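Peer 1: What follows is a single structure, and I will ask about it in a moment.
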Amino acid sequence: MDTFTATQHRMHDLDARIRARPDRFRVLTGERPTGRLHLGHYFGTIAERVALQGRGVETFLVLADYQVITDRDTAGDVASNVHEAVLDYLAAGLDPAATTVFTHSSVPALNQLLLPFLSLVTEAELHRNPTVKAELQASGRTLSGLMLTYPVHQAADILFCKGNLVPVGKDNLPHVEMTRTIARRFNDRFGEVFPEPEPLVTTSPEVPGVDGRKMSKSYGNAIALGMTEDETAAVVRRARTDSDRHITFDPERRPGIAALLTTAALCTGTTPEELADEIGSAGAAAVKRVAVEAVNERFAAHRRRRAELARDPSVVAEVLAAGNRRANEIAEMTLDEVRSRMGMRYTDQPITPRGD
Ligand code: TRP
């Protein structure tokens, strides 16, 4: 069995276990607030999170603000990126009563887990992480201490709440593997505290940007969830197509056309091949028109809800305040447990004074 088929089988089995006992799972996942959320995020993970929530799985979402500065000097517009991301979560259907949304920098006890966790990994293991290597290359910078160690920080994100299910894209699999190693080693040395979390790899295909490369804000090929209809049309117009009027789905030779067909198909629930057949010999302009309509229709309700929510800034502020409060309570309990297991308990009182 090849790796792809093996992953598919494992995901099928995991899906059945989640369906049977949603109460046994706690999801922790998240993203770096480096820009606006786009269709790649939506079809890659957000839709899946909403589905998990619908099945009754408790979910934690980290807006990984400290992870923003792994590959750049400053956090940029991080506050506005966080605000906009929460709007998209809410508009997509995440219910703040069931999903805890928080930011790294607001949860000190989570960050402190990094210290014992760093003692559980070797420098060689850190240097071996293929995703860190690729991101370092893409950043064109020299390796910072944070870039090298952020997968351990990500383990703290996951383990602070004893998350045991981590929806991620393929590129984050090495980080989940490192988290499993850290959980195992901590438990071996200090006694059973942490679960060994399982990755949940999204089954929807990677969303291409309008140029055929992976959709990414830094490539300028992304359709943001919060764009207007006209902004959407403007991005699609930039897609590089060709003059062969007979439309085929050929990602190798016609990446621009293929990307638009894939995007439209995801939005309408068909396949890119079917759409190509339907468009027939109507040319690239027709493909663009179909793609713009598909995206604008699919996200019309999302954008309407988003605009309504955006009218009252206190909505987002309250979601974050409640999420950060809950994340802090849980992180402090876990940190107390960790310190106790390590023998770092000096009074009978909990080490961290808790508010009410
Ligand atoms: N590294 C993830 C990304 O770039 C974001 C992230 C941070 C994350 N902490 C996490 C994902 C914990 C899953 C679990 O997309």
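Peer 1: Would segment 138-157 turn up any residue that is closer than 23 Å to THR203 by Cβ, surrounded by 16 or more Cβ atoms within 10 Å (Cβ to Cβ) and of a type in the set (A, V, I, L, M, F, W, C)?
Peer 2: no
Peer 1: Any chance segment 167-179 includes a residue that's modelled with pLDDT under 95, crowded, with 16+ Cβ neighbours inside 10 Å and of a type in the set (Gly, Ala, Ser)?
Peer 2: yes
Peer 1: Another question, then. Farther than 25 Å from GLU206 by Cβ, within 11 Å of the ligand (Cβ to nearest atom), touching a helix residue (DSSP H, G or I) at 6+ places or on another chain (Cβ under 9 Å) and assigned to a helix (DSSP H, G or I): is that true of ALA183 in this structure?
Peer 2: So ALA183 fails the test.
Peer 1: ARG49 fails exactly one of the following numbered conditions: (1) more than 16 Å from the ligand (Cβ to nearest atom); (2) basic (Lys, Arg); (3) within 30 Å of LEU260 (Cα to Cα). What is the number of that condition?
Peer 2: Among (1) more than 16 Å from the ligand (Cβ to nearest atom); (2) basic (Lys, Arg); (3) within 30 Å of LEU260 (Cα to Cα), the lone unmet condition for ARG49 is (1).
Peer 1: State yes or no: is ASP95 in the same structural domain as ALA47 (by TED's automatic domain parsing), acidic (Asp, Glu) and in a helix (DSSP H, G or I)?
Peer 2: For ASP95, the condition - in the same structural domain as ALA47 (by TED's automatic domain parsing), acidic (Asp, Glu) and in a helix (DSSP H, G or I) - is not met.
Peer 1: Just to be sure I understand, how many residues within segment 109-135 are assigned to a helix (DSSP H, G or I) and either of a type in the set (Ser, Thr, Tyr) or touching a residue at least 60 places away in the same chain (Cβ under 8 Å) (or both)?
Peer 2: Qualifying residue count, segment 109-135: 7.
Peer 1: Could you grab me the full set of residues in segment 157-175 that are more than 9 Å from the ligand (Cβ to nearest atom) and either outside any helix (DSSP H, G or I) or free of Cβ contacts under 8 Å to residues at least 60 places away in the same chain (or both)?
Peer 2: Within segment 157-175, PHE160, CYS161, LYS162, ASN164, LEU165, LYS170, LEU173, PRO174 qualify.
Peer 1: Just to confirm my filter: which helices (runs of 4 or more DSSP H) fall fully inside segment 218-330 and include at least 2 residues that are buried (at least 20 other Cβ atoms within 10 Å of the Cβ) and in contact (Cβ under 8 Å) with a residue 12 or more places away in the chain? First the steps, then the outcome.
Peer 2: Numbers: elements: 229-237, 255-268, 272-279, 283-298, 300-310.
Here the list reads 229-237, 255-268, 272-279, 283-298.
The values are calculated or read from the model by the stated rules, or taken from the named source; none is laboratory data. Being a predicted model, the structure only gives us computed values, none of them experimental. Note that we place each Cβ from the backbone using ideal geometry, even for glycine, and neighbour counts take in every protein chain shown.
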